[in-house]
Structure formats: structure tokens, C-alpha cells
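A.B. asks: Supplied in C-alpha cells, the structure appears directly below.
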Amino acid sequence: MKRRVFVRSGLAAAMGTSIPLSPSGFRLVRQEPADVDAITGDGAEVTLRGRAVKALSDRLRGRLLLAHDDGYEQARHILNPSFDKRPALIAQVTGTADVRTAVEFAREYSLLTAVKCGGHSYSGKSTCDGGIMIDLSPFRHVRVDPVARRARVTGGSLLGQLDHEAMAYDLVTPMGTVSHTGVGGLVTGGGFGRLARRYGLAIDNLTSVDVVTADGEFRRADEEQHPDLFWGVRGAGGNFGIVTSFEFKLHPMQRQVIAGSILFPISRAREVLAFYADFAPGAPDELQLDFMMLNPQGDDRGVVGFNVCYAGLSVQANRALAPVRSLGATVIDDVQPIDYVALQRSGDSDDPRARGTYLKSGFIPGMTPELAAAMAEGMEGHPARTTVVFIQQSGGAIGRVPNDAMAFAHREAAGNMLALADWAFGADPTDHIAYIRQYWSTLEPHTRGFYTNDLDFEATAESVNANYRENYPRLVEIKKKYDPTNLFRLNANVQPG
Ligand SMILES: Cc1cc2nc3c(=O)[nH]c(=O)nc-3n(C[C@H](O)[C@H](O)[C@H](O)COP(=O)(O)OP(=O)(O)OC[C@H]3O[C@@H](n4cnc5c(N)ncnc54)[C@H](O)[C@@H]3O)c2cc1C
């Protein structure tokens, strides 16, 4: 049974009068602002008094958007259009002060709280129905210190900004592969990308974070200050608070890398998979070799092969890639010198909102003959969807960090495997989802856990807990300390008990 509670804000009580704001923020007439119906984290209905909402709006430097406001429609969406949710309030924060204000408000009313940075959550956790969305997108800034080789990145930034700024000094830190992905979500979950085998996951390059925890307090966390929080933030996502600033170490790297795709006809899938099984475990750290098998929508010219990035000395690239090329005639081999920042943008799609997606994922300990057979046998083309199975290669520097060094607990994985379908948005997804579920049922037995950033919206609490492995009990303790009421629950959630 849902209950409706009427709550009064201390802030509102302090207000002598109530003045509604127009969408553009101009003060209009002195009249009682409308109450707002919202949802708590536990799913209870709550009515927020208009005065309290107005007081929140006044305290923010950024905009507070309600359902009728200009900008609300755009702000409520995330990348995957299947998540068509409508928060009661959207706080568009411009800095740490706004984040604290929004968190205090959310906590005061126990609101269901979503945190949006780049909006790439596969499971739709960065938006919600009836709660508050804390939208970090106006809070984007990167500052590089080329002397200290450090970058400070605010909590709403996109990874393309960091690549762009750091590379201006021939410096880099490993991020993901699509430039419009948010640093906030990517880094708190781990951060796999083209340089991870050489320099580690994004979290391996974090030196400190500033966090607004569930009590609204600001905390600097690093190896000395709040080391438990620093440990938890690196792999357990947004469970403990909102990271307002990340500090990364930067590595010197030449601007030009050797990258592109080497693809063969899909009819050679078994042969290419057998090659990958032999070659990938011994590949040099400088080489990122991501396996891909793809059937384009309505086209029988499927491909199998590799997305390649060689980030070492260019004179050594040909030698590193010679075994791949020994596989013979390709459909595409466009591996060539390319500007690293341009490469990082090369996977940005023109209109990512135009398609629906369904995805399953898991870490693989290696490419066994059984897994290869299941991958090749189950892959089907279809007139109305594109189907992809992809392995983001792991190993190298990623695997040289112990599993208990931070919350991320899957260091021994050989790769992160994703099977996904995408289709024209608006088309009936039933068949596509059913196909991926069936295909995944043949692949999943060959996986060991999953990447929390690819969290499946169907994942159970048990599977999420188990996925933290030996690190789970410590995470529960940290959760109890920094978020005892589970304000931040829209994530790969650690429950405080
Ligand atoms: C097109 C695409 C490409 C991808 N490529 C890669 C890749 O190459 N490598 C890789 O590792 N992953 C990749 N991912 C997965 C990606 O890491 C996750 O989807 C990640 O959550 C995206 O972060 P975001 O900020 O864009 O997402 P959002 O949807 O904005 O946020 C996701 C979650 O992150 C948390 N969060 C966001 N910002 C903060 C913050 N400042 N403080 C605390 N918590 C926060 C919140 O819990 C939120 O629900 C990709 C995803 C997509 C859709």
C-alpha cells in the first residue's frame, strides 16, 4: 500500500512569501506555488510543498526543472531512448554548492535520487520516475597541470573533454572509447578503453576524488583521507555519493597512434576466434585487440575481426600486428596512423538517440573452444536489427592490480564480452530482446561476473552483491558509513543492510 506524506521544508518555513518562477526564471506574481508529487526511494508517494520546491530553486545557481519547464523534456532523457522516465524534479547543478543543495533536499524528503553525468547508463539508472534527477551536465570542466602531470575533472564532464585537454600537452590518461560517455559513470565503475592494457583502468589512474556524500558533506578522498571512501568509489559506482571532482595522473604519450579495424567475412568466424584464443593472451600491453562479430541490419555481409589500437612506438606496430594480418584477405583493413583524440571520437554516433538497444554482458576468463563455438553458432542476421558480439580486451596492466586493491574485483578477466542488438527506435523490440536473451543463454555459462557499468536492468540484487566478490562485506561497511539510508540506490547497489 503506497502512502502519501505531506512534508514541510525547514527552508520553506523560513520563506515569508512564495514566488513562483517562470520557465526563464523571472519572478512573476506573489502567489502560492503548486505542490509537486514525488516518489521516495522506497516507492512511497510524497507531496513536496510548492514553497519548499521554490526554496530549492532559489538556492541553486543552476536551474530546477519541473515537468512543464522549458528544457525538462531534453534533460529527462538519457542516451538510450527506451528509458522514457519522468523525474518530478531535475536539479541542473553547476558546481559543488549546487550538488550539496540538491543532495540535502533529496535526503530531507528521502526522494528517489538519480544522478546523471553523460547519461550512458545501460540500465537506465541515471533517470527515474517521480524522483529527483541530479543532472551534472552543466558542471563540466577539465583542468590539466602539465608540470605535475595531473588533470582535475569536474563530476559532469565527458571523457572527450579530458582526452582533448590532456593531449594538448602530449599527455593522456586511459578512458573509454566513445567521447560522449560521462567521466562520472565510467570512472566510478572502472573504465575500460584503448589504453587500459598499457596504463590500467581509469580507476587505476585516480589520485583523489572530491565527493558529496549522502549527508550533503564534502569529502576529499585519497589514500590518506577517507581511504575507505576512495577504495569504494573505485569500482562500486555512485553508491556513496556524488563525485564532484576527479584527479587523474597523466602519462606522456605521442599524439599519433596506430588504429583501425581489421575485418574478415563472418563465414571465417571460427578461424578468427581460434586465432584470438591463441594470440590475445600473449599480445603486448601496447596493443588493444578488441574482438568483434557483427551482422548489420538487413545485410548479409556480416564481418568478424578486430578493432585495433597500438599505442606504442609506431615503428613496432607492424611487427605487433603481423600475426593478425597473417590471417589473409580482409574485407576491411584501415589500420593506420591516427590522432588519438580523433580516434576517441571515431565511435561517436551521429544520432545515438535514434535507436533502441538491448545488451547482455559478462567477463570472460579466456576464449575457450566451447565459447568460440557458442559465439559462432548462435550469431544470426536479421532484417530489422543489427547484432553484435564484442569483447573489450582486458589483461596487461589491468591484471597486475590485486582484486582487493579497490572495489573493482575482476582483474583476472581476459575480456569484457557484450552481446547486443539495436533496432530503429519505435519498432517492436520483442523479437530482438528475445533473440539476445536466447543467444546470451549460450554464452553466459562461459562468463565470470560482469562489469557493473554494463549492468543489466534485469540484474537481481543477489547477482549484483555476488559480483563484488570478496569486496562485498567491506563495501557494505562503507555504505553504512557514508549512505546509511541508501539515498544513492540507482546503481549497482550495495545495500546498507
Ligand atoms: C556508447 C557507449 C559506449 C561505452 N563505452 C565504454 C567503454 O569504452 N569503456 C567502459 O568502461 N564503459 C563504456 N560504456 C559503459 C559506461 O561506462 C557506462 O554506461 C557509464 O555508466 C556511463 O557513464 P555516464 O556518466 O555517461 O552515465 P550516466 O548514465 O550519466 O551515469 C551512470 C551512473 O553513474 C553514476 N554516476 C554518474 N556520474 C557520477 C558522479 N559524478 N559521481 C558518482 N556517481 C556518478 C550514477 O550512479 C549513474 O546512475 C559505454 C556505454 C555506452 C552507452
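A.B. asks: Expressed as a whole percentage, what fraction of the accessible surface of the chain belongs to carbon and sulfur atoms when a 1.4 Å probe is rolled over the protein heavy atoms?
C.D. replies: Answer for the chain: carbon and sulfur cover 51 percent of the accessible area.
A.B. asks: In addition: Report the one residue of Gly118, Ser137, Val147 whose Cα lies farthest in the direction of the positive end of the charge dipole of segment 109-149 (charges on C-beta: Lys and Arg +1, Asp and Glu -1; origin at the Cα centre).
C.D. replies: Checked the options; the winner is Val147.
A.B. asks: Using only Cα atoms and rounding to the nearest 10 degrees, what angle (0 to 90) does helix 472-482 make with the longest principal axis of the chain?
C.D. replies: For helix 472-482, the angle is close to 30 degrees.
A.B. asks: Here's something else I'd like to know. Excluding residues fewer than 8 places away in the same chain, name every one of the aspartates and glutamates whose C-alpha is closer than 16 Å to that of Lys480.
C.D. replies: Straight-line reach from Lys480, under 16 Å: Asp215, Glu217, Asp228.
A.B. asks: Further question: What ranking do 210-218, 98-106 get when scored by the average of other Cβ atoms within 10 Å per residue, highest first?
C.D. replies: 98-106, 210-218
A.B. asks: May I ask for the angle, rounded to the nearest 10°, between helix 96-108 and the longest principal axis of the chain, with both axes built from Cα atoms and the value confined to 0 to 90°?
C.D. replies: The angle comes out at about 70 degrees.
A.B. asks: As a test of reading the structure, rank Lys85, Lys479 by solvent-accessible area (1.4 Å probe, protein chains only), most first.
C.D. replies: From most accessible down to least: Lys85, Lys479.
A.B. asks: Could you work out the Kirkwood radius for the chain, taking every pair of different alpha carbons, averaging 1/r and inverting it, reported in Å?
C.D. replies: Taking the inverse mean of 1/r over all distinct Cα pairs, the chain comes out at 23.6 Å.
A.B. asks: Still on this structure: If each DSSP helix of 4+ residues adds -39,500 (n - 2.57) and the sum is divided by the residues in the chain, what number results at 222 nm, nearest 500 deg cm²/dmol?
C.D. replies: -7000 deg cm²/dmol
A.B. asks: Quick check on segment 33-144: what does the Kirkwood estimate of hydrodynamic radius come out to from the alpha carbon pairs, in Å?
C.D. replies: Every distinct Cα pair counted, the radius reaches 13.9 Å.
A.B. asks: Now for a separate question. Applying the Karplus parametrisation 6.51 cos²θ - 1.76 cosθ + 1.60 with θ = phi - 60° to the phi angles of segment 173-178, what ³J(HN,Hα) value in whole Hz is obtained for each residue in order, glycine and proline being reported as x?
C.D. replies: For segment 173-178, the Karplus-derived couplings read 9, x, 10, x, 9, 10 Hz, x marking Gly and Pro.
A.B. asks: Another question about this same structure. Are there GluC sites (Glu not before Pro) in segment 390-478 that DSSP puts in a loop and that have at most 12 other Cβ atoms within 10 Å, and which ones?
C.D. replies: Answer by residue number: Glu458.
A.B. asks: Further question: Compute, for the chain, the length of the dipole vector about the Cα centre, with Cβ point charges of +1 (Lys, Arg) and -1 (Asp, Glu) only. Units Debye, rounded to 20.
C.D. replies: For this selection, approximately 1180 debye.
A.B. asks: What are the lysines whose alpha-carbon lies under 30 Å from the alpha-carbon of Lys481, with same-chain residues fewer than 8 places away excluded?
C.D. replies: Lys2, Lys116, Lys125, Lys249
A.B. asks: How large is ³J(HN,Hα) for each residue in segment 284-300, as worked out from phi by the Karplus curve 6.51 cos²θ - 1.76 cosθ + 1.60 (θ = phi - 60°), to whole Hz, x for Gly and Pro?
C.D. replies: Each residue of segment 284-300 in turn: x, 4, 5, 9, 9, 10, 8, 6, 8, 10, 9, 10, x, 4, x, 9, 8 Hz.
A.B. asks: Per residue, how much accessible area does segment 142-252 show when a 1.4 Å probe rolls over the protein heavy atoms, in square angstrom?
C.D. replies: 28 Å²
A.B. asks: Where in segment 300-320 does the amide nitrogen come within less than 19 Å of the point 7 Å from the Cα of Gln256, taken along Cα to Cβ?
C.D. replies: What the label zone holds, given the 19 Å backbone N cut-off, is 308-320.
The values are calculated or read from the model by the stated rules, or taken from the named source; none is laboratory data. This is a predicted model, so every value here is computed, not measured. Backbone-built Cβ (ideal geometry, glycine too); neighbour counts: all protein chains shown. Side chains are part of the model used for accessible areas, which takes the heavy atoms of the whole protein and leaves out ligands, DNA and RNA. Shrake-Rupley method; radii C 1.70, N 1.55, O 1.52, S 1.80 Å.
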